[in-house]
Amino acid sequence: MRTTTPFEQLSPDIDQRWIALFEDRYGEGTYARLLDQFRKPCVTFAAIATQFGVTRENVRQWHRRLLPDAPRGHERQRLCRLYQQKRQVLTDDLFAGFYRRIRAAFPGQRVRLIPSRGGFLKRYLHVDGHLVALKRARSTGDAYVLGSGGTRADFIYFELTATDYLFVPRAVVPTGTTTFHDTLRSKYQPFKNSFAPLLTHVREERVS
């Protein structure tokens, strides 16, 4: 869910002598700290200037010298808003739980948010191009009620408890509602606490 920017495109003209002179003046490790601040669009040049005890003009010159192709001005502000909107999605418990689990299961998996008015959707997202719907199952004491809602998603993630979930291909879930009894005989049991259906889908696509 990372914001893609050309911040990493360092200028080829920066040599070790410039870095040595910079750190001799501002302290050991300050060059790496400066680059780290530049790569965070919500850190303003004014804030960086205060950290280093220089003017904003000095910071602008450093930024242009080190990262000549990086966004600046209004574009940097736009990226900051985008970053804040993405962070806002993670304040949603259901979304945050899914995101934490999918990243732990598939560190290389590509998660893409779906834009909405004023931010991003919290109940739908794309994982490696597959649309995933996020839902909470309703506990009835001895079972869980699963609602498909007629979604057109490829997969549905049902949060059962703080520690358990189902990750089910949409085709397996009937339209309307169905019930999951947490027993070995349930057709949904193979989908409990596993993202295997997604991994299988990705493998099949690669083979085809």
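Laboratory data are not the source of any read-out in this text; all were calculated from the coordinates shown. It should be emphasised that the depicted structure is a prediction, and the values quoted were computed from it without experimental measurement. Every residue, glycine as well, gets a Cβ built from its backbone with ideal geometry; the counts of neighbours run over all protein chains shown.
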- Message: To make sure I understand, if each residue's beta carbon is the centre and we count other beta carbons within 10 Å, what order do 28, 159, 75 fall in, fewest to most?
- Response: 28, 75, 159
- Taking 7 Å along the Cα-to-C-beta vector as the label spot, tell me the residue 33-residue 110 distance in nanometres, rounded to one decimal. 3.7
- Calculated [θ] (222 nm, deg cm²/dmol) that DSSP helices of n ≥ 4 give over the chain, each run adding -39,500 (n - 2.57): -12000 deg cm²/dmol
- Task: Could you work out the relative contact order of the chain, using alpha carbon pairs under 8 angstrom and six or more residues apart, expressed as a whole percent?
- Result: 13
- Separation of the stretch 44-76 and the stretch 128-175 by C-alpha centroid, Å? 46
- Task: State to the nearest 20 debye the size of the charge dipole of the stretch 90-207 about its Cα centre, where the only charges are +1 on K and R beta carbons and -1 on D and E beta carbons.
- Result: 240
- Task: Please work out the ratio of the alpha-carbon Rg of the stretch 6-78 to 2.2 N^0.38 Å and round it to two decimals.
- Result: 1.04
- Message: Output the 0 to 90 degree angle, nearest 10, between the alpha-carbon long axis of helix 16-26 and the longest principal axis computed from the alpha carbons of the chain.
- Response: 90
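About the Cα centre of the chain, what is the dipole size in debye to 20, counting +1 per Lys and Arg Cβ and -1 per Asp and Glu Cβ, all else neutral?
580
So what's the chain giving for Rg/Rh, alpha carbon basis, Kirkwood Rh from the mean inverse pair distance?
1.14
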- Assuming R0 = 45 Å, what is the FRET efficiency of residue 152 and residue 50, from their Cβ-Cβ distance, to the nearest 0.05? 0.35
- How far apart, in nm, are two points set 7 Å out from the Cα along the Cα-to-Cβ line at residue 42 and at residue 131? 3.0
- Query: Put +1 on the Cβ of each Lys and Arg and -1 on the Cβ of each Asp and Glu in the stretch 90-207; which of 184, 144, 132 then has its Cα farthest toward the positive end of the dipole?
  - Reply: 132
- Item | With Cα atoms, 0 to 90° folded angle of helix 93-105 axis to the chain main axis | 80
- Task: Could you tell me how many degrees, from 0 to 90 and to the nearest 10, lie between the Cα long axis of helix 74-89 and the main elongation axis, the longest principal axis, of the Cα atoms of the chain?
- Result: 30
- Task: Considering the options 26, 120, 160, tell which one lies farthest towards the positive end of the dipole of the chain, charges being +1 on Lys and Arg and -1 on Asp and Glu at the Cβ, about the Cα centre.
- Result: 120
